[in-house]
Amino acid sequence: MTILVTGSSGHLGEALVRTFQAQRQDVIGIDILPGAFTRRVGSIVDRAFVRGAMAGATTVLHAATLHKPHVATHSRQDFVDVNITGTLNLLEEAARVGVTAFVYTSTTSVFGDALTPAAGQPAAWVTEDVVPVPKNIYGTTKAAAEDLCQLFARNHSLVTVVLRVSRFFLEEDDNRAVRADYADANIKVNEYLHRRVDLEDVVTAHLLAVRHRPDGGFARYIISATTPFSPDETKDLRGHAPCAVARRVPAYAAEYARRGWRMFPSIDRVYVNDKARAELGWRPRHDFTSVIARLQAGHDIRSDLARQVGAKGYHDRAFSDGPYPVS
């Protein structure tokens, strides 16, 4: 089996290539930027480059993308070129050579405005049944690429799995107000309750997706840390999140007090991974409860793999008002 990983100089792409190399799998990493885990440098927008890279591949894990941090620094056409045309190039070449599994890394950002409940409403309980309402060019192009994947599964018998992945990056939060009010690690640990996942668990989900054969040859899954909450707690989460968390994970309060940390007063959405755990057999190791236990033991909140990959940034320059500009 020859595995093609796109975006191999990025966070997830590097983590995937690292993992396959450790398993002594035949893996080819491609990226527009050179890197220690990138064998071929080029753009997925370039059809000739994609065709050459695809030769001999049996499995594709497509992690390359323009991200939300690029919205203010790249044009809408750039997003269309990379996220839609690039994905189409990969799908067409994968179908041409008879690839047996295509895994597309999407994002929970496709849900967009569906994640924001009206004032006074409970937190959104986000499953795969929630209809996406993308709110920017990033979410729009990722959703369109998902639809292309479904099209190729249906019309070209290309087994395709879409993974809608929540936050796993180690970079600072883009929200200036949140950065001002909370320590960075405090933010990230809070997010394990509802919108974050460790990179190690993201990789595990991709490995399982490679072997998965969904009905009809296509499936979508939310990949996020397992929440301790149930749907009947969404009202409390929106109005009194610290109380809701204390009921479920009582140990958090003392550990937060010791560190001078605070829980968010309100949580507006919860990503639910039930379908991925049921159908992929995914067993994420990292959630809010396990992270609290690591903090109590004086350990790092990150997995070994997340530490190895580290933070990369999304641009070739620094910005004065945050990790990246927000449009």
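Nothing in this text is a laboratory measurement; each read-out follows from the coordinates by a stated rule. Predicted model, so just to flag it, every value in this text is computed and none were measured. Counting neighbours? That spans all protein chains shown, and the Cβs are built from the backbone with ideal geometry, glycine included.
Annotations for the structure displayed:
- Neighbours of V309 by Cβ distance under 13 Å: Lys/Arg scored +1, Asp/Glu scored -1, total -1.
- Local charge for R39 was computed over the other residues whose Cβ lies under 15 Å away, with Lys and Arg +1 and Asp and Glu -1, and equals -1.
- Selection from P34, F229, A118, by position along the positive dipole direction of the chain (Cβ): F229
- Expected 222 nm ellipticity per residue - DSSP helices of 4 or more, -39500 (n - 2.57), all of the chain, to 500: -11500 deg cm²/dmol
- Couplings 3J(HN,Hα) for the range 157-170, derived from phi with the Karplus relation 6.51 cos²θ - 1.76 cosθ + 1.60 (θ = phi - 60°), are 6, 8, 5, 9, 10, 9, 10, 8, 9, 8, 4, 9, 5, 9 Hz, where x marks Gly and Pro.
- Proximal aspartates and glutamates to K235, defined as alpha-carbon separation beneath 15 angstrom and excluding residues fewer than eight positions away on the same chain: D268
- Rg/Rg_ref, the range 178-327, where Rg_ref = 2.2 N^0.38 Å and atoms are Cα: 1.15
- Once the Cα atoms are used to define both axes, helix 199-211 deviates from the longest principal axis of the chain by about 40 degrees.
- Backbone HN-Hα couplings from phi across the range 54-62 [Karplus 6.51/-1.76/1.60, Hz, Gly and Pro as x]: 7, 4, x, 6, 10, 9, 10, 10, 9
- Among H156, H67, a tally of other beta-carbon atoms within 10 Å of each Cβ gives an order, fewest to most, of H156, H67.
- 3J(HN,Hα) couplings calculated from phi for the range 231-242 with the Karplus curve 6.51 cos²θ - 1.76 cosθ + 1.60 (θ = phi - 60°) are, in sequence order, x, 6, 9, 5, 5, 5, 4, 6, x, 9, 4, x Hz; Gly and Pro show x.
- Amide proton proximity set for L4, modelled H, under 5 Å, gap of 5+: I28, T58, T59, V60, L61
- Projecting the Cα positions of A244, I267, G217 onto the charge dipole of the range 167-273 (unit charges on Cβ atoms of Lys, Arg, Asp and Glu, taken about the Cα centre) puts A244 furthest along the positive direction.
- Taking Cβ atoms as reference points and 11 Å as the exclusive limit, the residues near P117 contribute a net charge of +1, counting Lys and Arg as +1 and Asp and Glu as -1.
- Nearby aspartates and glutamates by direct alpha-carbon distance to K312 (threshold 17 angstrom, same-chain neighbours under 8 apart not counted): E14, D31, E171, E172, D173, D174, D184, D198, E200, D304
- Normalising the average separation of contacting C-alpha pairs (under 8 angstrom, six or more residues apart) by the number of residues puts the relative contact order of the chain at 19 percent.
- Alpha-carbon centroid distance for the pair the range 197-265 / the range 47-99, whole angstrom: 30 Å
- Of all lysines in the structure, the ones whose alpha carbon falls short of 20 Å from that of K135, not counting any fewer than 8 places away in one chain, are K68.
- Each of R96, R47 was scored by other Cβ atoms within 10 Å of its Cβ. Arranged with the fewest first, they read R96, R47.
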